[in-house]
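Okay, structure first, notes after.
The values are calculated or read from the model by the stated rules, or taken from the named source; none is laboratory data. These figures come from a predicted structure and were not determined experimentally. Here Cβ is always computed from backbone atoms with ideal geometry, including for glycine, and neighbour counts include all displayed protein chains. Each accessible area value is taken on the protein alone, full model and side chains, heavy atoms only, with ligands, DNA and RNA left out. Shrake-Rupley method; radii C 1.70, N 1.55, O 1.52, S 1.80 Å.
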Amino acid sequence: NPASWMRPGGRYKLLRWPNLTEIEHSPADLRMIAALSHGYFSAEELAGVTGTSREDAHSLLNILSLLGVVEAAGGPLLPPALNPTAVAVEPTMRFGLFGKLRQRLGGARG
């Protein structure tokens, strides 16, 4: 599911690549990030073009929005830091940033 600050059905594009040396990522995450570098996609479209699940696409979009590396088509995202319901991130989580965010946002993957 999209995070509270994300628009349901919204389309997003990568502004810049996240620092992949500091975050846990899978080959599917890399395919989705690469697709987002080429244009705007909704979670459903992103899942379709990369062969991943809609839940994984939502989870990645949520994470990328928290990192501040995606923009929404048709208007800016409300920065999570300004959103009182945003999730606090603890960088010491044993499963890394992606694992912590997925767990908090309900999109946990093994």
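Against the definition (crowded, with 16+ Cβ neighbours inside 10 Å, outside any loop (DSSP other than H, G, I, E, B) and among the aliphatic types (A, V, I, L, M)), how does ALA3 come out, yes or no? Walk me through how you get there before you give the answer.
Numbers: crowded, with 16+ Cβ neighbours inside 10 Å: yes; outside any loop (DSSP other than H, G, I, E, B): no; among the aliphatic types (A, V, I, L, M): yes.
No.
Given the residues SER37, SER65, which is the only one that is hydroxyl-bearing (Ser, Thr, Tyr), out of contact with any Lys or Arg (no Cβ under 9 Å at 6 or more places or on another chain) and either modelled with pLDDT of 75 or more or open to solvent by less than 40 Å² (accessible area, probe 1.4 Å) (or both)? Even if it seems obvious, please write down each step before you answer.
Values: SER37 fails: out of contact with any Lys or Arg (no Cβ under 9 Å at 6 or more places or on another chain).
Of SER37, SER65, the one residue that is hydroxyl-bearing (Ser, Thr, Tyr), out of contact with any Lys or Arg (no Cβ under 9 Å at 6 or more places or on another chain) and either modelled with pLDDT of 75 or more or open to solvent by less than 40 Å² (accessible area, probe 1.4 Å) (or both) is SER65.
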Based on what the data block shows, is LEU60 of a type in the set (A, V, I, L, M, F, W, C), modelled with pLDDT under 85, part of a helix (DSSP H, G or I) and in contact with a helix residue (DSSP H, G or I) (Cβ under 6 Å, 6 or more places away or on another chain)?
no
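For (1) touching a residue at least 24 places away in the same chain (Cβ under 8 Å); (2) open to solvent by 40 Å² or more (accessible area, probe 1.4 Å); (3) among the aromatic types (Phe, Trp, Tyr); (4) in contact with a His (Cβ under 9 Å, 6 or more places away or on another chain), each residue gets a yes or a no:
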position	(1), (2), (3), (4)
TRP17	yes, yes, yes, no
LEU20	no, yes, no, no
PRO27	no, yes, no, no
LEU30	no, yes, no, no
SER42	yes, no, no, no
HIS58	yes, no, no, no
VAL69	yes, no, no, no
